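All remarks here apply to the structure that follows.
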Amino acid sequence: MKKEVKSNVSWVGKVDWELQNFHGYEYSTHKGSTYNSYLIQEEKTVLIDTVWSPFAEEFVENLAKEIDLQRIDYIIANHGEVDHSGALPVLMKHIPNTPIYCTANAVKSLKGQFHQDWDFQVVKTGDKLDIGNGKELIFVEMTMLHWPDSMATYLTKDNILFSNDAFGQHYATDCLFNDLVDQCDLFNESIKYYANILVPFSQILRKKLDEVLALNLPIDIIATSHGVIWRDNPMQIVEKYAEWANDYQENQITIIYDTMWNGTKKLAEKIAEGIGLADSNVVVKVYNLSKSDENDLITEVFKSKTLILGSPTISNSILHSMAGFIQLIKGMKFKNKKAAAFGCYGWSGEAVKVMNGMLEDAGLHLIDEGFRNHWNPNEDQLAKALEYGKKIAKA
Ligand code: FEO
């Protein structure tokens with residue numbers, strides 16, 4: 001269903017209420033998502049992005065109820081990833097000769113996925129497209145935010161930045177705008193999105209934000225490709241991104257462990273207690289990895305100044321849940337975070353050493369050699385874990 005964004009700009013996307021996972025099973029979407037597509041009707045009719053492939057037929061049918069598809073003059077593909085380009089094959093059957101404006105990399109992506117020779121019109125930063133009534137589209141390459149082909153499109157006079165993935169959230173809502181939704185939900189989904197998708201590109205993002213701001217384009221609305229449209233103080237999310245992109249951390253220490261017979265769990269809780277005793281201001285959070293959502297944990301890691309990971313030794317190594325989680329952390333390329341490892345062992349006891357190596361490889365700074373405990377901890381050993389927590393707090 002078409003919804004008005006502003007004057008001759010409408011939302012024609014899809015709300016995916018029941019989406020539980022995104023990027024396969026790499027990203028949990030507890031609150032669903034939306035695939036935002038926009039229709040601009042000036043002298044020229046422009047479609048910005050489409051929706052994910054499973055909704056292609058529905059999308060084109062709905063669009064055809066709103067306008068004669070033959071009237072679409074230009075398609076803007078801000079990004080080739082299939083959650084935004086997925087309806088192109090169905091749409092282009094109706095309008096095969098309509099030009100598609102996108103970056104050179106997006107041509108590679110779209111051709112690579114759909115194997116079609118559509119009329120691609122390559123654009124780069126600063127290129128403009130006249131759409132009549134004195135309005136223009138200005139293109140801004142957003143290379144690596146978050147794919148090499150990503151770009152944003154700015155609509156003059158209406159001052160709308162169609163930012164694609166940047167500034168988005170996986171958040172299903174029928175309320176189109178940021179001021180109409182629960183603000184806690186919106187913040188939580190925004191920071192989770194940043195922490196799990198954009199954080200590896202923070203350095204690039206810092207430069208790109210400066211570049212976009214230097215264009216001196218007034219921005220009244222940021223129309224993202226997922227979640228709500230920022231119309232109430234749209235720069236608030238730009239300011240948050242500037243903060244998050246600057247090696248963000250809070251005064252938080254997060255302990256994440258997995259356990260076989262609860263020995264490592266007991267250590268986790270004692271270490272947490274020790275941290276709290278040594279520093280009553282620091283926020284300490286403790287999670288059992290196997291009972292937690294990994295993407296929610298990555299958000300907690302993003303917020304943390306220090307990360308303490310625990311695993312018992314098994315088969316001369318660590319639990320595979322922890323190995324996979326450290327690999328996930330490595331992919332995020334976190335900067336300026338301290339770390340330490342702990343765990344129980346019965347026989348060979350390599351887990352802490354293995355975790356130390358993996359944490360260093362993931363770019364975290366080890367506080368010390370870690371904390372090992374032989375067998376299930378008794379009162380003396382728990383007291384040592386408490387002291388270890390105090391040491392972590394002071395590190
Ligand atoms: Fe929402 Fe990179 O696609």
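The values are calculated or read from the model by the stated rules, or taken from the named source; none is laboratory data. Bear in mind the structure is a predicted one, so any value in this text is a computation, not a measurement. Using ideal geometry, Cβ is built from the backbone for each residue, glycine included, and neighbour counts are taken over all protein chains shown.
Looking at segment 117-195, what strands (runs of 3 or more DSSP E) fall wholly within it and have at least 1 residues that are within 16 Å of ILE222 (Cα to Cα)? Show your work before the answer.
Working: elements: 120-122, 128-132, 135-141, 151-155, 160-164.
In segment 117-195, 135-141, 151-155, 160-164 are the strands (runs of 3 or more DSSP E) which contain 1 or more residues that are within 16 Å of ILE222 (Cα to Cα).
On the stretch given as segment 115-143, residues that are touching a helix residue (DSSP H, G or I) at 6+ places or on another chain (Cβ under 7 Å) and crowded, with 17+ Cβ neighbours inside 10 Å total 4.
Condition check ((1) part of a loop (DSSP other than H, G, I, E, B); (2) touching a Leu at 6+ places or on another chain (Cβ under 7 Å); (3) of a type outside the set (Gly, Ala, Ser); (4) in contact (Cβ under 8 Å) with a residue 60 or more places away in the chain) across all residues:
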residue	(1), (2), (3), (4)
LYS207	no, no, yes, no
ILE222	no, yes, yes, yes
ILE253	no, no, yes, yes
ILE256	no, yes, yes, yes
GLU273	no, yes, yes, yes
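Considering only residues that are surrounded by fewer than 19 Cβ atoms within 10 Å (Cβ to Cβ), over 24 Å from SER10 (Cα atoms) and of a type outside the set (D, E, K, R), look in segment 157-200 and name the one that is nearest to the ligand (Cβ to nearest atom). So the residue we want is PRO200.
Checked against (1) assigned to a helix (DSSP H, G or I); (2) free of Cβ contacts under 8 Å to residues at least 60 places away in the same chain, ASN281 passes all but a single condition, namely (1). A count restricted to segment 92-114 and to residues that are closer than 21 Å to TRP52 by Cα, under 28 Å from the mean Cα position of the chain (by Cα) and not basic (Lys, Arg) stands at 12.
Any chance you could count how many residues in segment 224-244 are in a loop (DSSP other than H, G, I, E, B) and closer than 28 Å to SER280 by Cα?
At the first step, the residues of segment 224-244 found to be in a loop (DSSP other than H, G, I, E, B) are 225-228, 231-234.
Okay, now just the ones that are also closer than 28 Å to SER280 by Cα, so none.
So the answer is 0.
Evaluating GLY126 against the criteria (1) away from the ligand (no atom under 16 Å from the Cβ); (2) at pLDDT 95 or above leaves one unmet condition, (2). Based on this model, can you work out whether GLY331 counts as under 27 Å from the mean Cα position of the chain (by Cα) and assigned to a helix (DSSP H, G or I)? So GLY331 passes the test. Residues in segment 341-359 that are closer than 27 Å to PHE201 by Cβ and over 24 Å from the mean Cα position of the chain (by Cα): MET355, GLY357.
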